[in-house]
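**Q** Handing you a structure now.
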């Protein structure tokens, strides 16, 4: 059936926008159940220590305190998505500053806070493991019994050494990338209570209600059908709410005290105990022929996952998968290691391991272009992947591949064509300008991991639709996009679609909200549900009219016969179904296509990839080392844009996070202690740091996606850091190999270049 | 006026005119009167409470958001006698007898203020947690300067952090309601 698009592609404002703007939307942190207990968490003072003794007796007897919990109250005290290495409450050891030791529940926040100070913990400090390279040595102290190498793998195709011997140009560099903190405006927060049916209910910021429920139930040893997890509007997530935060602690309080509870992390607690983007070291040796054809890339990746794995093993896979960029390279060799240290916990963050390696490979490409005296975009285009190509893992690219088109748009953009003029327009002789380019690639979907989701559709008595998804609204606008998709699939107005979301009692499992694929997955499951629903309605229309079902089509809330003479409203159909006991609901399902993982990996390759190109105009003050982005052009391969307003917002927001990653956001961890615990010390971009951003989508269509759409949530951040670094090289002639490129680093880099000149 | 105390826990009951300190459980609370969104209110809270703690934790008026409790992010911005302040840095003693407007107070007969509509329609709202604070900062700007330049808008909103939008649509929203 050809689907007319009346709503898809329109920039209609999100339905949750006004509710949020008038202050009526409720987030988890806005809920105060009657008779609640205030929860607070006691956290480790040491980055690495044995716990000798925990004494909660005086805290327990403090006025207003109702209960204090430790590891003794947790039946299965380890959880984790790949490896159950993380305690709900620490027992044998603490492994980072902030590791939770006890949970207090009290009548007032003041009493809870006071009680934290009355818990006695006797520690035996251990040497902290701080440097991932040291951590990898056999003699290093161990963060976990199994050793500090959480995961190590090597993937090679072809023969890199042979290719290096035949190459005309070889570029070799070591890149370091810093820790990035999600810094969503709403910290980790939630409430818990027993509902009227005695079901333990957790309402908390998160990304996956079903997975959170599983973690709660497996640690507390309670049946899954006795627990309900609801995820209301979330005040930002970006991957940082993919892991458990407050959920198990809340469940524990309510389960044991039978009272409602509230637990909201402070900003400092969020920066300390929340997960982070992996810091890392990437060594890369890249070879090309004189004509620009890439011959080989040898990469060593070391990611610091901190005290616990979280989603680290999968993050490492994504780094492996994307470290060769969106290019055809016949010989590759990748060694990758995920290392435990006592440096907090790294897990998912928008880009999921890709921004780090793309910073490396895109800097390499620029260096090769410079050595060959070739236009950097021309070099990239010469090697760019195209649809149907075989990728670096011998994987055939069956999905849409828009990188060449994105690069062509970049090459023809005024900022690139007239970059000489842009560079000359500086006000002061010590202010230098440069223009840089970078590409990006990342798989969307969970790659080779099984991934299946369901969506429920129900026809209401009024002839409208209730769509049930467990997708979470973390700010990305998935609900608005799904409403538009649903309206076109069910042939009704967008206002006739009501969405029920992220509630294990009310919505089927639409799988996790991550990997830029919730619209893709839920949209496809919705297509299946819509087909089933319309089929059901077609038969009802036939029953009502006496005409055969196949003559009916649907438009604007009516079933209409082919000759146009019979028009039956959705409300009439709904009433007929009710009167004849025909269930008015269906469930659609979609299983994401995948291939077998290549040996040595967990989930790669993906079948579906997102791409983007970016141009950056950067201004550098050579006297201070301060770099500022003046203009960005971001060209994402979108497949099809469902809502231009939401789409632009996603790309612009990701780009500014990318500027923070490239230039500003320095999570300083010294001796295992995070020195940047708030927004005064951990600087994220303000409106003054945000440049003019132009977003140009490539819309070639992805046949497997709903209306041709593909994932876009993460791709916007990935090309920014390398584009900015390449622009800085263009401006001042030195290549930054360490991000964030803080004024201090850039100042010394510029100085070192002048020092070399001066020594002649 | 003879209130001298080192710590809350040492104070039992002190009386001075209308203001009453009372021990409430193991905390001491004081009565404060102010005008909230046009209506007089009285609250009894610990004297060290901030306006933000009072709005959210006591009155459960949660449109005003708590992003950092430190004055760094602007999510808690409200109007105090028409000027934008961080409610997390405003003690209740500073609010006594004055007028507070929160994001809920901008509604007129349950229709949104033009600034609220502009944010919603421009796509300036994603996760929305920074939105009420930004709207209050915008409101304060436009009350003092109905025709701000782009630079003036950025200067006025630089203390309001947003992690989702990249600020382009926020700027667009303010330009939309600029006179």
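Laboratory data are not the source of any read-out in this text; all were calculated from the coordinates shown. Values in this document were obtained by computation on a predicted structure and should not be read as measured data. Note: ideal-geometry Cβ built from the backbone for every residue, glycine included; neighbour counts use all protein chains shown.
**Q** What whole-number distance in Å separates the alpha-carbon centres of region A:1-44 and region A:193-222?
**A** 19 Å
**Q** What shape does region B:28-179 have by the C-alpha gyration tensor, where a ≥ b ≥ c are the square roots of the eigenvalues, rounded means a/c under 1.5, and otherwise prolate means a/b greater than b/c and oblate the rest? Intermediate results must be reported in sequence, preceding the final value.
**A** Working: a/c = 1.99, a/b = 1.74, b/c = 1.14.
Prolate.
**Q** I would also like to ask the following. Would region A:581-659 count as rounded, prolate or oblate if I go by the C-alpha gyration tensor, calling it rounded below 1.5 in a/c and otherwise prolate when a/b exceeds b/c, oblate otherwise?
**A** Numbers: a/c = 3.65, a/b = 1.79, b/c = 2.04.
Note, shape of region A:581-659 comes out oblate.
**Q** Evaluate 2.2 N^0.38 Å with N set to the residue count of region A:110-242, then give the Cα radius of gyration divided by it. Walk me through the numbers before you get to the answer.
**A** Working: Rg = 23.6 Å, N = 133, 2.2 N^0.38 = 14.1 Å.
Here the Cα radius of gyration is 1.67 times the empirical estimate.
**Q** Sort out for me the Cα centre separation of region A:595-641 from region A:118-155, rounded to whole Å.
**A** 32 Å
**Q** Can I ask one more? Distance from the Cα centre of region A:409-451 to that of region A:319-384, in angstrom?
**A** Region A:409-451 and region A:319-384 have Cα centres spaced 16 Å from each other.
**Q** Which of rounded, prolate, oblate describes region A:460-519, given a ≥ b ≥ c as roots of the alpha-carbon gyration tensor eigenvalues and a/c under 1.5 marking rounded, otherwise prolate only if a/b is larger than b/c?
**A** Working: a/c = 2.41, a/b = 1.46, b/c = 1.65.
The shape class here is oblate.
**Q** What FRET efficiency comes out for residue A:176 versus residue A:418 if R0 is 30 angstrom and r is the Cβ-Cβ distance? Round to the nearest 0.05.
**A** Working: r = 34 Å, r/R0 = 1.13.
E between residue A:176 and residue A:418, to the nearest 0.05, is 0.35.
**Q** Counting other beta carbons within 10 Å of each residue's own, what order do A:359, A:501, B:34 fall into, fewest first?
**A** Working: A:359 31, A:501 24, B:34 19.
Taking fewest neighbouring Cβ atoms as first place, the list is B:34, A:501, A:359.
**Q** Next question, about the same structure. Normalised by the empirical 2.2 N^0.38 Å for globular proteins, what value does the Cα Rg of region B:33-100 take? Intermediate values should be presented prior to the final figure.
**A** Working: Rg = 10.7 Å, N = 68, 2.2 N^0.38 = 10.9 Å.
Taking the Cα Rg and dividing by 2.2 N^0.38 Å, one obtains 0.98.
**Q** Can you tell me what share of the DSSP beta bridges in the protein assembly as shown is antiparallel? A percent to the nearest 5 is fine. Before the final figure, lay out the partial values.
**A** Numbers: 126 of 158 bridges.
Counting only bridges with both partners in the protein assembly as shown, antiparallel ones make up about 80 percent.
**Q** How long are the semi-axes of the equivalent ellipsoid of the protein assembly as shown, taking √(5λ) for every eigenvalue λ of the Cα gyration tensor, in whole Å from largest down? Can you show the working numbers first?
**A** Numbers: eigenvalues 348, 280, 181 Å².
After diagonalising the Cα gyration tensor, the semi-axes are 42, 37, 30 Å.
**Q** For region A:1-157, just the Cα atoms, rotate onto the principal axes and tell me the three extents in Å, largest first.
**A** Here the Cα extents, ordered largest to smallest, are 66, 64, 27 Å.
**Q** Here is a further query. Which FRET efficiency value, to the nearest 0.05, is calculated for residue A:460 and residue A:623 with the Förster distance at 51 angstrom and r the Cβ-Cβ distance?
**A** Numbers: r = 66 Å, r/R0 = 1.29.
Using R0 = 51 Å, I get an efficiency of 0.20.
**Q** Right, another one. Residues of region A:662-706 with amide nitrogen under 16 Å from the 7 Å Cα-to-Cβ point of residue A:748?
**A** Of the residues in region A:662-706, A:666-670 have backbone N under 16 Å from the label point off residue A:748.
**Q** Among B:50, A:426, A:275, what is the fewest-to-most ranking by other Cβ atoms within 10 Å? It would help to have the intermediate numbers written out before the result.
**A** Working: B:50 22, A:426 14, A:275 26.
Final ranking by Cβ density, sparse to dense: A:426, B:50, A:275.
**Q** Extension gain residue B:143-residue B:94, at 0.36 nm per residue separation less the Cα-Cα distance, in nm? Intermediate results must be reported in sequence, preceding the final value.
**A** Details: separation 49, 0.36 × 49 = 17.64 nm, distance 2.19 nm.
Stretched fully, the residue B:143-residue B:94 segment lengthens by 15.4 nm.
**Q** Would you mind estimating how fast region A:269-358 diffuses translationally, via Stokes-Einstein at 25 °C and 0.890 mPa s with the Kirkwood radius over Cα pairs, in µm²/s? Present the calculation step by step, with values, prior to reporting the outcome.
**A** Numbers: Rh = 13.8 Å.
Here the translational diffusion coefficient equals 178 µm²/s.
**Q** Would you mind ranking A:20, A:452 so that the residue whose beta carbon has the fewest other beta carbons within 10 Å leads the list?
**A** Details: A:20 28, A:452 13.
Listed from fewest to most nearby Cβ atoms, that is A:452, A:20.
**Q** Which value in deg cm²/dmol, rounded to the nearest 500, describes the helix-derived mean residue ellipticity at 222 nm for the protein assembly as shown, given -39,500 (n - 2.57) per DSSP H run of n ≥ 4 and division by the residue count?
**A** On the way: 25 runs with 258 residues, N = 939.
Here the helix-only value at 222 nm equals -8000 deg cm²/dmol.
**Q** If you don't mind, another one. What would the Debye equation give as log₁₀ I(q)/I(0) for region A:191-330 at q = 0.19 Å⁻¹, counting only Cα atoms as equal point scatterers?
**A** -1.09
**Q** Looking at region B:114-177 from every direction and averaging, what is the projected area of its Cα convex hull in nm²? Don't jump to the answer; show the numbers that get you there.
**A** Numbers: hull surface 14.3 nm².
Projected over every direction and averaged, the Cα hull of region B:114-177 covers 3.6 nm².
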